[in-house]
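Engineer: The structure under discussion is supplied below as structure tokens; questions concerning it will follow.
The values are calculated or read from the model by the stated rules, or taken from the named source; none is laboratory data. Everything numeric here is computed off the predicted structure, so don't read it as measured data. Cβ: placed from backbone, ideal geometry, glycine included. Neighbour counts: every protein chain shown.
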Amino acid sequence: MKAIIPAAGQGTRFLPASKAVPKEMLPVLDKPMIQYVVEEALAADAREVIIILSDDKPEIAAHFSPSPDLVRSLEHKGSTTLAQSVRHAGALPVSFVRQPQPLGLGNAVYQAEDFVCGATEGFFVLLGDVLVPDNRLLRRMREVSAAQGNASVLAVIRVPDEDVSRFGIVDVELIGGSEQDGTAVWQINALVEKPLPEEAPSNLAIFGRYLLTPRVMEILAHTGPGAGGEIQLTDALEELLASEPLYAIEVGADEGLDCGTVADWLSTNIKLAARDAELSKVVSAACDRIF
Ligand code: G1P
């Protein structure tokens, strides 16, 4: 299965930090956000990872390129662990496709059409502003897809009423598992991108992990602008519903970490630091001094 990671957005929620550095390159602890996402795709056995870039983001391709001089210099100084981390980032098997204009997520995904056209199996789409540090979600999505005849599966997360307009929202029907223990499998009846709170069909928001059938690409070929004047992946999925069923599973509150706004990014850094033996002491000491 191939994986597509759109990273061609303008990162407006992170300005001015994202003025000269792509938001995908902002660090979460010691790695840029996008490296977590690439590693998550590879942990789910993605055979190929395709990053969709805009022309003004050469830093992302540079991060995933080998840096032999830097590695040599670090090794020379005895910084073996750092040398290994630099070598690792430059050896991750990713390729790049350009999105000529920032026309929206649907248009970004469509740029990878050549990579999935003619395929019989589905493909993953991973958005760069959410992280799943334990890397288990994509495998669960693949299992549900297999159980439903290789159908498309989306990950969804519960969001408060006041946040629904930031997301794609799904209308669902429970078909298996339990909502209480997070094992629910829902069939999707409808999807709407960035609804007004009073028009949202539920509080289940598309989380940024998709397993999609290749038919989505045929639909994206003619999907026009939707919410915000952008070509929306959610609109193509709504059209897909007319010919194929779509399913959703829930991402646990501690499983999926949002980095979509500065506040969410900060919260994700603190949560991940708290899970690290050394950094948790730093967080704890800082909190003790402040609160
Ligand atoms: C995109 C999708 C939206 C989804 C969200 C998750 O929106 O269009 O459906 O809920 O990612 O992060 P964006 O954040 O690009 O506006």
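Engineer: Where the second residue is within 15 Å of the ligand (Cβ to nearest atom) and part of a helix (DSSP H, G or I) and the first is of a type outside the set (A, V, I, L, M, F, W, C) and lies in segment 149-174, which pairs have Cβ atoms under 6 Å and are six or more apart or on separate chains?
Structural biologist: From segment 149-174, the pairs are 161/197; 168/234.
One line per residue, one yes/no per condition, for (1) surrounded by fewer than 21 Cβ atoms within 10 Å (Cβ to Cβ); (2) aliphatic (A, V, I, L, M); (3) within 16 Å of the ligand (Cβ to nearest atom); (4) farther than 17 Å from residue 154 by Cβ:
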position: 219; (1), (2), (3), (4): yes, yes, yes, no
position: 225; (1), (2), (3), (4): yes, no, yes, yes
position: 233; (1), (2), (3), (4): no, yes, yes, no
position: 237; (1), (2), (3), (4): no, yes, yes, no
position: 242; (1), (2), (3), (4): yes, yes, no, no
position: 251; (1), (2), (3), (4): no, yes, yes, no
position: 263; (1), (2), (3), (4): yes, yes, yes, yes
position: 270; (1), (2), (3), (4): yes, yes, no, yes
position: 277; (1), (2), (3), (4): yes, yes, no, yes
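Engineer: Scanning segment 93-137 for residues that are acidic (Asp, Glu) and outside any helix (DSSP H, G or I), which turns out surrounded by the most Cβ atoms within 10 Å (Cβ to Cβ)?
Structural biologist: It comes out as 129.
Engineer: Another question, if that's okay. List the number of the failed condition for residue 180; all other conditions in (1) in contact (Cβ under 8 Å) with a residue 12 or more places away in the chain; (2) more than 15 Å from the ligand (Cβ to nearest atom); (3) among the polar types (S, T, N, Q) hold.
Structural biologist: Tallying (1) in contact (Cβ under 8 Å) with a residue 12 or more places away in the chain; (2) more than 15 Å from the ligand (Cβ to nearest atom); (3) among the polar types (S, T, N, Q), residue 180 fails exactly one: (1).
Engineer: Can you go through 9, 106, 90 and tell me which one is touching a residue at least 24 places away in the same chain (Cβ under 8 Å) and over 18 Å from the mean Cα position of the chain (by Cα)?
Structural biologist: The conditions single out 90.
Engineer: Taking into account only those residues within segment 210-268 that are in a helix (DSSP H, G or I) and charged (D, E, K, R), which is nearest to the chain's Cα centre (by Cα)?
Structural biologist: 264
Engineer: For segment 185-213, give me each residue that is more than 16 Å from the ligand (Cβ to nearest atom) and modelled with pLDDT under 95.
Structural biologist: Within segment 185-213, 198 is the sole residue that qualifies.
Engineer: Of the residues 195, 214, 160, which single one is surrounded by 15 or more Cβ atoms within 10 Å (Cβ to Cβ) and farther than 23 Å from residue 37 by Cβ?
Structural biologist: The unique qualifying residue is 195.
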